[in-house]
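Take a look at the structure set out below.
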Amino acid sequence: MADVTTTPDQVIANRGFSFRNALTAAEIDLRLLGMLLALAAILFGFNVLSGGTFLRPTNMATLAVQATGVAVLATGMVLVIVARNIDLSVGSVVGVIAMTYALLMTDWLPTFLGINSEFPFRWLIALGLGVAVGAVIGAVQGFIIAYVGVPSFVVTLGGLLSLRGVVWVMSQGAAVTGMDPTFQLMGGSAQGSIGGTLTWAAAAVGCLAVIGLLLYNRRQRRRFGFPLRPTWAELALGAVGCLAIIGLAAFANASYWPPGAATRYAQEHGIAEPAGGLKIPVGLPWPVVILIAVTVLMAFLATRRRFGRYVYAYGGNPEAAELAGINTRWTLLKIYVLMGVLCAVSAAIATARLNGATLDVGQSYELYVIAAAVVGGTSFAGGIGTIPGAVLGAFVMQALAYGLAYMGYNSPIQNIVAGVVLILAVGFDAYNRRRGGGS
Amino acid sequence: MAAAFPEPASPPRSSPEAAPIVEMRHIRVSFGGVHAVDDVSIDLREGEVIGLVGGNGAGKSTLMKALSGAHPPNAGQIIIDGKAVTIGNPRDAKLYNIETIYQNLALADNIDAPANVFLGRELTTVWGTMDDGAMEDATRRLMARLNPNFKRFAQPVKSLSGGQRQAVAIARAVHFNARILIMDEPTAALGPAETAQVRDLVRQLKNEGIGIFLISHDIHDVFDLSDRISVMYHGRLVATVTKDDVTADDVLGMIILGKAPGEVSRKELEGLKMPGELPSEVTS
């Protein structure tokens with residue numbers, strides 16, 4: 001192993017110091033950093049335009065909650081597109097599962113299983129059944145795509161059309177309301193948030209995870225004598241990561257329960273209300289917590305498990321993946337099952353927010369989800385795309401839509417901007433790749 | 001995990017008496033009624049190099065794809081160590097330690113060299129996650145022997161040169177204790193220095209007892225490295241000859257005319273030597 005003894009510090013010294021080289025040495029994904037900066041620019045831009053009111057914690061919480069439905073699905077759509085396929089049915093699948101949750105709660109569970117509103121963990125039973133429905137729909141579509149060989153565009157276009165019809169048939173055209181109170185927490189109102197203490201606890205766990213990952217990575221490299229990141233870069237990464245997490249937690253805790261709800265809470269719990277009202281920090285909304293969990297899990301699947309490696313290898317060269325002995329059909333089928341499960345998660349958030357299901361839950365989601373993945377750097381040529389990128393893409397698109405709405409522009413204007421930004425983002429990316437010649 | 005290049009105590013000699021490690025009997029591969037390979041029988045012994053030659057479309061690659069599982073045969077038998085086996089896909093072939101270096105290399109361009117070397121056979125940690133460190137470490141060791149200048153272990157293989165990509169494909173084939181190695185035009189895209197490297201590697205692997213099918217257009221490669229030469233013509237096997245019994249002219253005659261040396265008439269041989277028909281270095 002004598003050929004790898006050049007220290008990274010030497011490498012940097014050889015290149016001469018510049019900001020770009022520093023980022024390279026720290027092994028920061030420039031693309032992801034660029035997207036973060038773009039998101040920050042959008043948020044601060046609207047803040048200036050709105051005279052400083054846009055960046056309030058309550059606004060940001062609403063924005064984040066609105067983005068979760070699409071962002072959760074985008075994590076799966078990345079894998080679908082990376083594997084050179086498409087899923088146009090996600091919106092309709094979300095619709096079917098949302099209606100399933102609503103009917104389970106109001107009709108099926110009490111009528112067929114005798115599970116009425118006093119039954120514990122009713123929300124969990126509904127959620128489990130919804131996930132099962134998603135997995136089955138995904139498996140059927142995935143089977144037709146992978147094993148029968150019908151192009152995914154056709155199969156999922158059929159799914160898009162027919163499953164929306166299924167929603168109507170399920171409820172005979174009626175909207176269904178009346179969800180379990182616990183289930184409703186997933187919708188993320190002030191009560192549907194995890195509160196101040198848990199938010200700080202989550203931040204602590206996040207910081208520990210960042211430090212743990214950096215340490216683990218460094219130990220792995222040392223174990224095999226690979227080049228290490230410079231120490232300053234490790235420290236900077238750890239510090240920036242922890243500060244960002246703590247900052248977000250503080251930001252989430254800077255918004256408080258509405259006065260009415262706080263007063264009611266104080267009375268119910270026999271707390272004497274101080275002058276100026278009880279200040280209960282809202283903390284992270286549950287949907288955001290769910291999104292963070294989904295993102296971490298999906299990124300883990302995509303980068304640390306064989307499944308993810310096979311998805312990317314298949315996207316890079318399907319024939320090579322097959323010749324390497326990968327069961328490519330099974331891999332493809334699993335992607336669609338995963339997509340179905342994510343639809344169930346997205347549908348749970350939507351149903352909880354609405355306290356029920358209407359006929360058009362998830363309508364046009366497929367377009368926003370694909371746009372989020374593509375803005376987030378996923379390439380239709382296959383093999384390229386990241387989970388965090390897609391989540392950021394969803395937030396960029398939602399920040400634009402929410403900001404324009406906040407400034408009083410109606411949805412046609414929002415759609416015009418969304419479409420133009422989609423093309424600009426991908427065009428800029430294509431231009432960059434051609435010039436840089438690399439990723 | 002075993003070492004990449006096990007050093008046998010005494011290099012086994014391939015001899016006509018030794019039992020073959022693989023026999024392909026009466027193999028037929030059809031593409032919609034067209035027999036790309038028709039009733040071909042061929043065998044390979046330990047530590048032997050069989051040069052597989054023939055014109056374009058002669059069926060060399062297709063015959064080898066029947067063995068590597070990329071395109072299972074429609075008829076015929078494959079016998080490994082005296083037992084008839086079924087090779088229905090590339091996974092089956094790897095179970096029998098049959099490794100293949102494809103002409104187009106079959107690399108996933110968007111992932112790095114270690115990921116390609118271990119594609120489909122990733123090393124995992126006790127938690128079931130991929131052990132990228134161990135895979136990169138093994139790849140570095142392999143490359144130190146195959147291509148010492150290779151340094152780009154973390155870049156997608158798309159950004160590598162032709163020789164480096166070839167090294168990745170070779171590393172993948174030799175790392176997993178291959179017993180039977182199929183090399184489809186391994187030097188076609190390489191410069192002279194890299195070609196010499198590949199030739200050295202073939203000799204080294206042969207000395208370690210690996211049986212090698214070598215598909216090549218380069219008659220020099222074939223004469224330099226092979227023990228026996230099998231000539232294919234329009235999907236059929238013309239003949240398998242021992243290298244020391246034939247000349248390059250004989251083999252070229254077989255490739256072009258599709259007839260064994262004894263069957264070729266004087267007149268046909270004369271016709272072969274028309275000016276411009278053959279590269280001068282072969283006819284001299």
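The values are calculated or read from the model by the stated rules, or taken from the named source; none is laboratory data. Bear in mind the structure is a predicted one, so any value in this text is a computation, not a measurement. No Cβ is skipped: glycine too gets one built from the backbone with ideal geometry, and neighbour counts run over all protein chains shown.
Structure above, values below:
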read-out	value
Flag for A:ALA126 being over 23 Å from the mean Cα position of the chain (by Cα) and either modelled with pLDDT under 95 or farther than 17 Å from A:MET99 by Cβ (or both)	no
Subset tally (residues that are out of contact with any strand residue (DSSP E or B) (no Cβ under 6 Å at 6 or more places or on another chain) and in a helix (DSSP H, G or I)) for the stretch A:104-127	15
Residue within the stretch A:222-240 that is in a helix (DSSP H, G or I), of a type outside the set (Lys, Arg) and within 14 Å of chain B (Cβ to nearest Cβ) present	yes
Subset tally (residues that are of a type in the set (D, E, K, R) and out of contact with any helix residue (DSSP H, G or I) (no Cβ under 9 Å at 6 or more places or on another chain)) for the stretch B:246-266	1
Residue in the stretch A:432-439 that is assigned to a helix (DSSP H, G or I) and either modelled with pLDDT of 90 or more or buried (at least 24 other Cβ atoms within 10 Å of the Cβ) (or both) present	no
Which listed residue is assigned by TED's automatic domain parsing to the domain that holds A:LEU124 and of a type in the set (Gly, Ala, Ser), from A:GLY188, A:GLY225, A:GLY238, A:GLY260	A:GLY188
Filter pass, B:VAL49 being crowded, with 24+ Cβ neighbours inside 10 Å, modelled with pLDDT of 95 or more and away from every other protein chain (no Cβ under 14 Å)	yes
Qualifying position, being in contact with a Ser or Thr (Cβ under 9 Å, 6 or more places away or on another chain) and not β-branched (Val, Ile, Thr), among A:ALA390, A:ALA381, A:ALA399	A:ALA390
Members of the stretch B:157-172 that are of a type in the set (Gly, Ala, Ser) and either in contact (Cβ under 8 Å) with a residue 12 or more places away in the chain or within 11 Å of B:ILE101 (Cα to Cα) (or both)	B:GLY162, B:GLY163, B:ALA167, B:ALA169, B:ALA171
Conditions (1) in contact (Cβ under 8 Å) with a residue 40 or more places away in the chain; (2) in a loop (DSSP other than H, G, I, E, B); number of the one not met by A:GLY52	(1)
Count of residues meeting criterion [assigned to a loop (DSSP other than H, G, I, E, B) and farther than 30 Å from A:VAL169 by Cα] in the stretch A:55-101	4
Residue that is surrounded by the most Cβ atoms within 10 Å (Cβ to Cβ), among those in the stretch B:186-228 that are more than 13 Å from the chain's Cα centre (by Cα) and not in a helix (DSSP H, G or I)	B:ARG228
Some residue of the stretch A:32-41 being outside any loop (DSSP other than H, G, I, E, B), surrounded by 15 or more Cβ atoms within 10 Å (Cβ to Cβ) and either hydroxyl-bearing (Ser, Thr, Tyr) or over 22 Å from the mean Cα position of the chain (by Cα) (or both)	no
Enumeration of residues in the stretch A:282-320 that are touching a strand residue (DSSP E or B) at 6+ places or on another chain (Cβ under 9 Å) and facing chain B (nearest Cβ under 10 Å)	A:THR303, A:ARG304, A:ARG305, A:ARG306, A:GLY308, A:ARG309, A:GLY316
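For every residue, the table says whether it meets (1) touching a Pro at 6+ places or on another chain (Cβ under 9 Å); (2) among the hydroxyl-bearing types (Ser, Thr, Tyr); (3) not assigned by TED's automatic domain parsing to the domain that holds B:VAL34.
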residue: B:LYS60; (1), (2), (3): no, no, no
residue: B:PRO73; (1), (2), (3): no, no, no
residue: B:GLY88; (1), (2), (3): yes, no, no
residue: B:LEU107; (1), (2), (3): no, no, yes
residue: B:GLY120; (1), (2), (3): yes, no, yes
residue: B:TRP127; (1), (2), (3): no, no, yes
residue: B:ASP132; (1), (2), (3): yes, no, yes
residue: B:ARG141; (1), (2), (3): no, no, yes
residue: B:SER159; (1), (2), (3): no, yes, yes
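Yes/no per residue for (1) more than 23 Å from the chain's Cα centre (by Cα); (2) modelled with pLDDT of 95 or more; (3) surrounded by fewer than 24 Cβ atoms within 10 Å (Cβ to Cβ); (4) in a helix (DSSP H, G or I):
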site	(1), (2), (3), (4)
A:GLN267	yes, no, yes, yes
A:PRO274	yes, no, yes, no
A:LEU278	yes, no, yes, no
A:ILE290	no, yes, yes, yes
A:LEU301	no, yes, yes, yes
A:TYR336	no, yes, no, yes
A:VAL341	no, yes, yes, yes
A:ARG353	no, no, yes, yes
